[in-house]
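What follows is a set of notes on a single structure, which appears directly below.
Since every read-out is calculated from the coordinates, none of them should be taken as a lab result. Quantities reported herein were computed from a predicted structural model and do not represent experimental measurements. Don't worry about glycine lacking a Cβ; one is built from the backbone with ideal geometry, like all the others, and counts go over all protein chains shown.
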Amino acid sequence: MSNDKARELDAQDPLAGKRSEFLLPDDTIYLDGNSLGPLPRAARDRMQEVVNSQWGNDLIGSWNIHNWIDLPTTVGRKIGRLIGAADGQVICCDSISVNLFKLLSYAMQLNPSRNVILSQSDNFPTDLYVTQGLAGLLGEQRCQLKNVATEKLIEALDESVAVLMLTHVNFRSGAVHDLPKLTSLAQQKGILVVWDLAHSAGALPLDLDSANVDFAVGCGYKYLNGGPGAPAFLYVAKRLQNLANQPLQGWMGDQSPFDFKPDYRPSTGVTQFLCGTSGILSMAALDAALDIFADVDMQAISQKSRELSDFFIGSLAQYPALEELILVSPSDPQLRGSQLAYSHPDAYAICQTLIDLGVIVDFRAPDIIRFGFTPLYTSFLDVWTAAQKLNMIVDSKLYMHAKYQTRLKVT
Ligand SMILES: *Cc1c(COP(=O)(O)O)cnc(C)c1O
């Protein structure tokens, strides 16, 4: 690994041109697209148009003129193409947390003789919190959360389990579950499966339909670059639609919201999973951001992500000082998502120092530094430079400086 090698790889990179579609500050190496994707030019331009011309000029007429009303469906369709879902199964709305509540409630109704939602204690906390909330509401007899370690997952798939809820790519370590295999093993035991694709959609090739997935949720503001708090999405397989009602019955999930009648009648298809009015500004930004994927192959993205992360691992290996950093992610690139996690007792301070020097990464409690490798706008030279800076910081112990030690509210 060297500076020259990095430049050589950049020169051969088929995705190199995509970087110019993003607005990234100069002198910043952004290795945190797994937490918040950067601003696409197209999203900025669309925001201006929606604010100035649509909201500003066409006002309420925009619901029809600019089809605001159909955005959850049209954006859902674009996301569906990225995750291997045929039309009519994906809708863009709400947050992952809210969507999980809808899907878990719905799935529990489809498996009424069982009461366990099986997951993992190292799942993303919101997934567990939402499940705990649902269990509190339904009572233990009807619903309880059981967490098991990855090695114990398969043996835990028994007749008590109603729903298996997993995150495909672990948010800390980046470890990937075998989605088709676990889906199929669970289904053989009569279990419905809900996948959280927060760190997968836009990062890895996915084929939900051919894996016969039941339900999924995913994030709009990470790899899909929809902007802070962008709406999330949910997927419900065609065969599982219209079998029950999801409990957040709002008017946008009704068959005819503009009839204003007193009794709810769920819309058919995946639109019954809508609840209230969408945040149109946010959804419009996500809609524009998704067009970046129109001409790229998800295989090319994941291939470059593996090359970038391998290049980073190789670069770190050249520096004895960096032996203090322990790779927590699987070393086999086929077994991880688009990020690398390293543990270090001073992980927080090292992160703060890197950020101060223009390399944006993030910290995950208790002791993890996450480096995200998002192929659409990260170059091999970025990765090489980040490794140099990391070595300088650790070798010189620059991170021991008091100013890097104070915890901020968002880490
Ligand atoms: C980021 C993330 C979420 C976020 O949930 P929101 O409710 O949309 O804020 C959920 N699950 C996982 C695995 C995540 O990484």
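A few comments on the model shown:
- Cα shape, the chain, gyration tensor, a/c 1.5 rule: oblate
- Pairwise FRET efficiency - Arg7 versus Ser396, Cβ, R0 = 25 Å, nearest 0.05: 0.45
- For the pair region 252-274 and region 178-194, the centres of their Cα atoms are 31 angstrom apart.
- Considering only the chain, percent of DSSP beta bridges that pair antiparallel, nearest 5: 55
- Note on Lys397: lysines with a C-alpha under 29 Å away, same-chain residues under 8 apart excluded, are Lys5, Lys389, Lys409.
- Gln303-Asp58 FRET efficiency (beta carbon distance; Förster radius 35 Å; 0.05 resolution): 0.20
- Between region 78-136 and region 326-353, the alpha-carbon center distance in angstrom: 27
- Between Leu243 and Asn212, residue separation times 0.36 nm minus the direct Cα-Cα distance comes to 9.4 nm.
- Cα gyration tensor shape of region 125-205, rounded if a/c is under 1.5, else prolate or oblate by comparing a/b with b/c: oblate
- In this calculation the C-beta distance from Ser121 to Arg265 is compared with R0 = 35 Å, giving a FRET efficiency of 0.30.
- Projecting label points 7 angstrom from Cα along Cα→Cβ for Asp310 and Lys181 puts them 2.1 nm apart.
- Cα gyration tensor shape for region 1-58, rounded if a/c is under 1.5, else prolate or oblate: prolate
- The packing ranking of peptides 22-31, 58-67, 128-137, 71-80, highest mean first, is 71-80, 128-137, 22-31, 58-67, where packing means the average number of other beta carbon atoms within 10 angstrom of each residue.
- Exposed GluC sites (Glu not before Pro) absent: longest stretch of the chain, with sites in DSSP loops and at most 12 other Cβ within 10 Å deemed exposed: 160-411
- Positive end of the dipole of region 319-378 (Cβ unit charges, origin at the Cα centre): among Ala349, Leu325, Gln339, the Cα lying farthest that way belongs to Gln339.
- Segment Lys409-Ile65, extension gain: residue separation times 0.36 nm, minus the distance between their alpha carbons: 119.7 nm
- For the chain, built as a Gaussian network whose Cα springs stay under 10 Å, the top-fluctuating residue of Ser200, Ser396, Ser267: Ser396
- Cβ-based exposure ranking for Ile69, Ile368, in which fewest neighbours within 10 Å come first: Ile69, Ile368
- Counting other Cβ atoms within 10 Å as a rough exposure proxy, the listed residues Met1, Met283 run Met1, Met283 from fewest neighbours to most.
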